[in-house]
Amino acid sequence: MGLAKDDLVLEVGRDSDCDSTLRDQLMAITGTKFLEGSTSEVVDAVIIWWRDGDGDLVDELMDGLTYLSETGPIWVLTPKVGREGHVEPSDIQDAAPIAGLSVTSTIALAKDWTATRLVARKAGKR
């Protein structure tokens, strides 16, 4: 996921269904605890645990951008196909450009979770 030692990560949408092993591994890489909720820190990455029915993804992405460094990614973690709360990839692809983001990759991250990496779109040259 491109995380490095001392990276600050904002985590949104954590619940009992989240993969605790994955979370522990990511925190071991960064050596920091995830920030939750409102923070005044600029973060290196945002992780959003997102399920069908969680609300408006565009709003959540915009909120995540508030705290994100210029070069940091937003990772949207969604339940895999066949799992409760599965989100269609097209839902993320539709929400990303509205929030000013581009989808760069999708990976199978854990047993029950898929991660989609979003980054800020570059301004076009004039």
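Here are some notes:
- Tallying residues that are of a type outside the set (A, V, I, L, M) and either within 15 Å of the chain's Cα centre (by Cα) or within 16 Å of Pro73 (Cα to Cα) (or both) within the range 1-51 yields 20.
- One residue from Glu88, Glu36 being out of contact with any helix residue (DSSP H, G or I) (no Cβ under 7 Å at 6 or more places or on another chain) and either in contact (Cβ under 8 Å) with a residue 60 or more places away in the chain or closer than 27 Å to Lys5 by Cβ (or both): Glu36
- Some residue of the range 6-14 being in contact (Cβ under 8 Å) with a residue 24 or more places away in the chain, exposed (fewer than 12 other Cβ atoms within 10 Å of the Cβ) and touching a helix residue (DSSP H, G or I) at 6+ places or on another chain (Cβ under 7 Å): yes
- Taken together, the residues in the range 65-75 that are among the aromatic types (Phe, Trp, Tyr) and either in contact with a Cys (Cβ under 9 Å, 6 or more places away or on another chain) or surrounded by fewer than 14 Cβ atoms within 10 Å (Cβ to Cβ) (or both) amount to 0.
Residue-by-condition table, conditions (1) touching a Phe, Trp or Tyr at 6+ places or on another chain (Cβ under 9 Å); (2) buried (at least 16 other Cβ atoms within 10 Å of the Cβ); (3) among the hydroxyl-bearing types (Ser, Thr, Tyr):
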{"position": "Arg51", "(1), (2), (3)": "no, yes, no"}
{"position": "Asp59", "(1), (2), (3)": "no, no, no"}
{"position": "Leu77", "(1), (2), (3)": "yes, yes, no"}
{"position": "Gly82", "(1), (2), (3)": "no, no, no"}
{"position": "Ala95", "(1), (2), (3)": "no, yes, no"}
{"position": "Ile98", "(1), (2), (3)": "no, no, no"}
{"position": "Val103", "(1), (2), (3)": "no, yes, no"}
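This table checks each residue for (1) more than 20 Å from Ala4 (Cβ to Cβ); (2) modelled with pLDDT of 95 or more.
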residue: Ser40; (1), (2): yes, no
residue: Trp49; (1), (2): yes, yes
residue: Asp52; (1), (2): yes, yes
residue: Pro73; (1), (2): no, yes
residue: Leu77; (1), (2): no, yes
residue: Lys80; (1), (2): yes, yes
residue: Ala99; (1), (2): yes, yes
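- Pairs where the first residue, in the range 44-68, is under 17 Å from Asp91 (Cα atoms) and the second is among the basic types (Lys, Arg), C-beta under 6 Å, 6+ apart: Trp49/Arg14
- Qualifying residue in the range 60-80 (condition: more than 15 Å from Ala120 (Cα to Cα) and in a loop (DSSP other than H, G, I, E, B)): yes
- The lone criterion from (1) farther than 26 Å from Lys111 by Cβ; (2) among the charged types (D, E, K, R); (3) at pLDDT 95 or above; (4) touching a strand residue (DSSP E or B) at 6+ places or on another chain (Cβ under 8 Å) left unmet by Asp56 is number (4).
- Within the range 19-43, the residues that satisfy the criterion of being buried (at least 17 other Cβ atoms within 10 Å of the Cβ), not β-branched (Val, Ile, Thr) and not in a helix (DSSP H, G or I) are Phe34, Leu35.
The values are calculated or read from the model by the stated rules, or taken from the named source; none is laboratory data. In this text the structure is predicted, and so the values were computed from the model without any measurement. Positions of Cβ are generated from backbone atoms using ideal geometry, with glycine treated the same way; all protein chains shown enter the neighbour counts.
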